[in-house]
Each structure stands twice: as C-alpha cells, then as structure tokens.
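**Student:** Submitted below is the structure of interest, expressed as structure tokens.
The values are calculated or read from the model by the stated rules, or taken from the named source; none is laboratory data. If you're wondering where the values come from, they're calculated on a predicted model, not measured in any experiment. Don't worry about glycine lacking a Cβ; one is built from the backbone with ideal geometry, like all the others, and counts go over all protein chains shown. Side chains are part of the model used for accessible areas, which takes the heavy atoms of the whole protein and leaves out ligands, DNA and RNA. Shrake-Rupley method; radii C 1.70, N 1.55, O 1.52, S 1.80 Å.
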Amino acid sequence: MTLSEEARERLADVVELQPTKNAELQERWGMESGSEVHQYLENELGDYYFRDDNSLIRATGEAADLVDVEPGIESDPDSEGAPSRIRVPELQARIVEVLAGPDEESESVVSVLHSLRDAYEYGDDEPEAEDVRSALQSLRRKDVVEVEYRTVPTFRLALEREELEVSVAD
C-alpha cells in the first residue's frame with residue numbers, strides 16, 4: 001500500500017503519540033470530529049494501526065519502520081509497567097518535572113497547574129486547566145502517571161523521575 005505524503009505524516013503522528021485516542025489525533029490533524037479521524041484511519045492507514053484492549057490507537061511494527069519517527073514510548077522488553085523513555089509535547093514533559101512522585105500525595109489538576117506556573121515563565125502561552133487535564137490523561141495512557149480518585153481525580157508519577165527519560169517531541 002503506497003501512502004501519500006499527508007498519510008505518511010499522519011502515520012508518523014500515530015507512531016509518535018501512541019497509545020492515543022481519536023480526540024488527540026483530531027486536535028493534531030485539525031479535524032472536525034473523532035468520526036472524521038476514525039474514517040481517515042480506516043480508509044488511509046488501515047494496514048498500519050490497530051486498537052489495543054483499551055481501544056487506544058497504536059501503530060503496527062511495520063508502520064514504525066515505514067516512517068522516520070521514534071515511537072512516543074519505549075519500554076524495557078524484560079519488564080512490564082511504566083516505560084523507560086517517552087517523547088511527549090513540552091507541556092507533558094514539564095508536568096513530569098513538577099508532578100508529585102510515586103511516594104508523595106497525589107495532586108489535583110489545579111494543583112499541577114499552579115506548580116507549572118510556579119516553575120515556568122509562560123507569559124501569554126500559559127496552559128489552561130483543561131490542557132493540563134488532557135496532558136495528564138495522555139501521560140496516564142502511557143503508564144507514566146497514575147490516578148487516585150478522591151473528591152476529584154488526583155495524579156502522581158507511577159515511577160521515580162530518575163527511571164524515566166523524557167524528551168520533547170517537535
């Protein structure tokens with residue numbers, strides 16, 4: 001199956017963002033709906049992606065070989081659980097830096113937002129609470145963050161910072 005330039009670029013997004021959801025790809029691709037994303041995946045990238053047991057979108061091994069992009073997560077093949085290396089957008093990388101560690105009390109989205117504001121100079125590009133919530137959920141899907149449900153969902157790292165190599169995706 002020969003891919004157009006656009007399809008190849010979008011496949012690279014799937015490889016980089018995996019595991020991901022329609023909504024994350026919808027935002028990245030500037031599409032109107034999750035249905036439009038699903039339709040595109042089925043029609044253009046059907047041979048190169050699959051949905052895992054949690055219905056998250058993942059690239060096939062062939063897809064990763066086809067595009068010149070490092071996967072968004074890498075794990076030690078001898079261990080289960082959290083990955084050893086992730087490539088994520090800058091906001092997610094910053095969250096890993098400020099979020100409570102695995103032995104600390106988990107934090108609410110608002111608490112994480114305040115920690116980000118205290119640690120980084122944002123100016124006009126300051127993230128909103130919904131941006132932080134979305135980033136935390138993405139990190140959760142990557143098994144880097146765990147959630148604890150109290151009055152509101154709260155988050156903390158699933159592993160020690162030193163055990164995770166984080167790089168920022170372009």
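**Student:** Which members of region 87-139 meet the condition of being surrounded by fewer than 18 Cβ atoms within 10 Å (Cβ to Cβ), charged (D, E, K, R) and within 22 Å of residue 14 (Cβ to Cβ)?
**Tutor:** Across region 87-139, the qualifying residues are 90, 131.
**Student:** Checking the condition hydrophobic (A, V, I, L, M, F, W, C) and within 22 Å of residue 52 (Cβ to Cβ), which residue from 129, 93, 158 passes? Step through it out loud before you land on a result.
**Tutor:** On the way: 129 fails: within 22 Å of residue 52 (Cβ to Cβ); 93 fails: within 22 Å of residue 52 (Cβ to Cβ).
Of the residues listed, the single one that is hydrophobic (A, V, I, L, M, F, W, C) and within 22 Å of residue 52 (Cβ to Cβ) is 158.
**Student:** Shifting gears a bit: Starting from residues that are among the polar types (S, T, N, Q) and open to solvent by less than 90 Å² (accessible area, probe 1.4 Å), keep the ones in region 19-39 and report whichever is nearest to residue 169 (Cα to Cα).
**Tutor:** Only one residue tops the list, namely 20.
**Student:** Same structure, new question: Only one of (1) modelled with pLDDT of 85 or more; (2) in contact with a Gly (Cβ under 9 Å, 6 or more places away or on another chain) is not met by residue 52, so which one is it?
**Tutor:** In the conditions (1) modelled with pLDDT of 85 or more; (2) in contact with a Gly (Cβ under 9 Å, 6 or more places away or on another chain), residue 52 misses (2) alone.
**Student:** Report yes if some residue within region 3-18 is farther than 26 Å from residue 133 by Cβ, open to solvent by 50 Å² or more (accessible area, probe 1.4 Å) and either among the basic types (Lys, Arg) or touching a Leu at 6+ places or on another chain (Cβ under 6 Å) (or both); otherwise report no.
**Tutor:** Yes, the conditions are met somewhere in region 3-18.
**Student:** Examine region 27-39 for a residue that is under 14 Å from the mean Cα position of the chain (by Cα), without any contact (Cβ under 8 Å) to a residue 24 or more places away in the chain and within 23 Å of residue 166 (Cα to Cα), and state whether such a residue exists. Working first, answer last.
**Tutor:** Residues of region 27-39 that are under 14 Å from the mean Cα position of the chain (by Cα), as a first pass: 27-28.
From what is left, the residues that are without any contact (Cβ under 8 Å) to a residue 24 or more places away in the chain are 27-28.
Next cut, within 23 Å of residue 166 (Cα to Cα) only: 27-28.
So far as region 27-39 goes, yes, one or more of its residues are under 14 Å from the mean Cα position of the chain (by Cα), without any contact (Cβ under 8 Å) to a residue 24 or more places away in the chain and within 23 Å of residue 166 (Cα to Cα).
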